[in-house]
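These notes are about the structure you will find just below.
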Amino acid sequence: MLKTGWQSPSNIALVKYWGKHGRQLPNNPSVSFTLSTAATRTFIEWENYNKFGRVELSFTLEGNENQAFAARIEKFLDSLIDDYFPFLREVTLKIDSSNSFPHSSGIASSASGMSALALCLCEIEQLIKGEKADQDTFMTKASIISRLGSGSACRSIYPEMGLWGYHPDIPNSSDEFATGVGADIDPIFKTFHDDILIVSAKEKSVSSTAGHNLMVGNPYAEARYKQANDRIITLLIALKEGDLDTFGKITEDEALTLHALMMCSDPSYMLMEEGSLAIIKKVKAFRADTNIPAYFTLDAGPNVHLLYPHEYELEVKSFITNELKQYCHEGKVIHDFVGQGAQKIM
Ligand code: DP6
């Protein structure tokens, strides 16, 4: 059996992807910081033997059989055979994944998990075909396959920042794949920390797909898509110029907008908890008192990400210990930071 392995991180969106259509295509462009500590490592062993002419795989999570995940991955790979990976009819795969963060930490593993899987598959395809694509072509295909697994996953593979979704004023932007935009940002953003305050470690109560679908019929949907298009441009300029103030305003308002959209969907849902709100208020007060550029954001869940430049690490860490930890489940905080994207590990 031959073996390949990739590690890929999670990411945190600044302008959020919320609403999709067609085959995992976004209704607006989004941009994210690539993280580092929260990552998935996936190894695939494969052999050129397949009795059935359809996807044949076994899947283990941290070395333990996991039927539910195996079924989900099998379905996903089946959907890729005709258009992307005909070779899947001819091989048998043994997949093992592990996450650097605990399963019940409230951190979604789909972005890191799907991107690590996609990179392994793209590499196996090359080895089987005996052709090596250039780096850009390889990463673009890996981003497309990641997106088909989970939209936000397509942004995770690039160093520092990923941008996904077509915008008429952004050259090379596409709904099909993300591109890396880390080269276009002020160095201060490359030092950013993301301390993830685990308010709740529970599984998500609403799946992402169900959440995205509720944008259909949301009365604010069109205004929201326009806002995201405008903000992407303002944010990219702020990132380039090192404008922390504009960065912070957009980042925080994006998180609140995402949660507001969920609150006014039909059915509505409320994913912040008391602790999330308490943390948000404290972060605002801390910034007003100290002038330290620390900003919050949230995904579609109660956990709060605190983003700030490295130079303020000591002050922010003691603020977390003294004032925020009390709202975290068992005092849990994951200390993450802007990272270098996916890496080949075998
Ligand atoms: C709120 O990428 O998890 O985190 O495409 O259905 O897998 P699917 O959704 P997913 O949605 C992420 C939504 C978000 C915002 C973001 O990451 O841009």
Max mean-square fluctuation residue, GNM over the chain, Cα-Cα springs under 10 Å, options G53, G211, G151
G53
Step through the residues of region 52-57 one at a time and calculate ³J(HN,Hα) from phi using the Karplus curve (6.51 cos²θ - 1.76 cosθ + 1.60, θ = phi - 60°), rounding each to whole Hz and writing x for Gly and Pro.
9, x, 9, 4, 10, 8
Under the Kirkwood approximation applied to all pairs of distinct alpha-carbon atoms, what is the hydrodynamic radius of region 256-298 in Å?
11.6 Å
Counting only DSSP beta bridges fully inside the chain, the antiparallel percentage to nearest 5 is 90 percent
Taking springs between alpha-carbon atoms closer than 10 angstrom, which of G113, G22, G217 fluctuates most in the Gaussian network model of the chain?
G22
Along its principal axes, what span do the Cα atoms of region 206-346 show, with the longest given first and each in whole Å?
46, 45, 37
Computed over region 216-300, protein heavy atoms only, probe 1.4 angstrom, the accessible area per residue in square angstrom equals 49 Å²
Loop only per DSSP, at most 11 neighbouring Cβ atoms within 10 Å: give me the GluC sites (Glu not before Pro) in region 297-346, ordered by residue number.
none
Please list 3J(HN,Hα) in residue order for region 270-284, calculated via the Karplus relation 6.51 cos²θ - 1.76 cosθ + 1.60 where θ = phi - 60°; whole Hz, with x for glycine and proline.
10, 9, 7, 10, 3, x, 4, 5, 4, 5, 4, 4, 5, 5, 4
So the pair-distance distribution of region 1-133, from every Cα-Cα distance in 10 Å bins, comes to percents of 11, 39, 35, 14, 1
Most positive-pole-ward Cα, S208, T246, I233, against dipole of region 180-255 from beta carbon charges
S208
How large is the convex hull of the Cα atoms of region 82-206 per residue, expressed in Å³ as a whole number?
163 Å³
Extent of region 130-191 along each principal axis, from alpha carbon coordinates, in Å, largest to smallest?
41, 25, 22
Carbon plus sulfur fraction of accessible area for the chain, probe 1.4 Å, in percent:
52 percent
Quick one: compute a quarter of the convex hull surface over the Cα atoms of region 144-280 and quote it in nm².
9.2 nm²
Please report the projected area of region 34-104's Cα convex hull averaged over all directions, in nm².
5.7 nm²
Quick one: grab the alpha carbon gyration tensor of region 213-274, order the square roots of its eigenvalues as a ≥ b ≥ c, and give me rounded if a/c is under 1.5, else prolate or oblate depending on whether a/b is larger than b/c.
oblate
Using 0.36 nm per residue, how much length does the chain from D83 to A285 gain when fully extended, once their Cα-Cα distance is taken away?
67.5 nm
Percent of alpha carbon pairs in region 1-61 separated by more than 13 Å?
76 percent
Considering every pair of different Cα atoms, what Kirkwood radius, in Å, is found for the chain?
20.6 Å
Just need log10 I(q)/I(0) for region 161-230 at q = 0.14 Å⁻¹, Debye formula, equal scatterers on the alpha-carbon atoms, no solvent, rounded to two decimals.
-0.77
Distance from region 286-332 to region 147-186 (C-alpha centre basis), Å
27 Å
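The values are calculated or read from the model by the stated rules, or taken from the named source; none is laboratory data. Predicted model, so just to flag it, every value in this text is computed and none were measured. Positions of Cβ are generated from backbone atoms using ideal geometry, with glycine treated the same way; all protein chains shown enter the neighbour counts. Areas reflect the complete protein model, heavy atoms only, side chains present, ligands, DNA and RNA absent. Shrake-Rupley method; radii C 1.70, N 1.55, O 1.52, S 1.80 Å.
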